[in-house]
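K.L.:
Let me begin by handing over the structure; questions about it come next.
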C-alpha cells in the first residue's frame, strides 16, 4: 500500500466516525414525542416496547396508563396524528380502552384521561359490555357525532361490529 491509500483510508474512517458522532441518533429503543397541547402529536419510535412508548405518551399528554396486556410487542413508527388516532395506530391488535374529558385549555376538544391496555379476551361481541359515555346537554350534535365515530373506530379495530341504527317496523294501520 502506498502512502496515498493509507491516508485516504484513515480519512474515510475519520469521516465515518465523525458522521456517527455528529449525526442524529437512530438507535433501537428510540422514542421521541413532540406536539400535543391542542394540536396533533408526533411519535417517533424505533424498535421500542409498546409499553414504553405508551408510558412516554402518557407522560407527555398527562394521562394515566394501565398496561396489563399479555404481550409487549416492539413498535417502529413515525406518525403525526390526534392522540386518540395515535393510540389506535400504535396498538391496533391490543385490547385498548380509554376515557376522555373536556379539556379546559382547549375549547371544543377533549383530552385523554386514562388508557387501559387489557389482556385479550374472547373475540365474541356477545361477551363484551360496551357503554357509550353520556354526552353533556350543552354539547353540539357535531361533538356527539365525533364521539360516536371514535367509539365505532375502537370497536371495529377489535373486531366488534358497530351498532347500526335500528330499523323501524312498518306501522300497522288496523
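The values are calculated or read from the model by the stated rules, or taken from the named source; none is laboratory data. The structure presented is a predicted model; accordingly, all values stated were derived computationally and were not measured. We place every Cβ from the backbone using ideal geometry, glycine too, and count neighbours over all the protein chains shown.
K.L.:
Which of the residues that make up region 72-88 are more than 16 Å from residue 37 (Cβ to Cβ) and in a loop (DSSP other than H, G, I, E, B)?
P.N.:
72, 73
K.L.:
Which of the numbered conditions does residue 104 fail, given that it passes all the others? Conditions: (1) assigned to a helix (DSSP H, G or I); (2) at pLDDT 70 or above.
P.N.:
Only one criterion in (1) assigned to a helix (DSSP H, G or I); (2) at pLDDT 70 or above is unmet by residue 104, namely (1).
K.L.:
Among the candidates 60, 69, which residue alone is touching a strand residue (DSSP E or B) at 6+ places or on another chain (Cβ under 8 Å), modelled with pLDDT of 90 or more and either part of a strand (DSSP E or B) or closer than 25 Å to residue 156 by Cα (or both)?
P.N.:
Answer to the selection: 69.
K.L.:
For region 97-116: of the residues being touching a residue at least 60 places away in the same chain (Cβ under 8 Å) and surrounded by 14 or more Cβ atoms within 10 Å (Cβ to Cβ), which is farthest from residue 64 (Cα to Cα)? Before the answer, list the steps.
P.N.:
So in region 97-116, the residues touching a residue at least 60 places away in the same chain (Cβ under 8 Å) come out as 103, 105-106, 109, 115.
Adding the requirement that they be surrounded by 14 or more Cβ atoms within 10 Å (Cβ to Cβ) leaves 103, 109, 115.
On the way: 103: 15, 109: 18, 115: 6 Å.
Once the filter is applied, the top-ranked residue is 109.
K.L.:
Condition (residue is over 24 Å from residue 103 (Cβ atoms) and crowded, with 19+ Cβ neighbours inside 10 Å) applied to region 75-89: is it met by at least one residue?
P.N.:
yes
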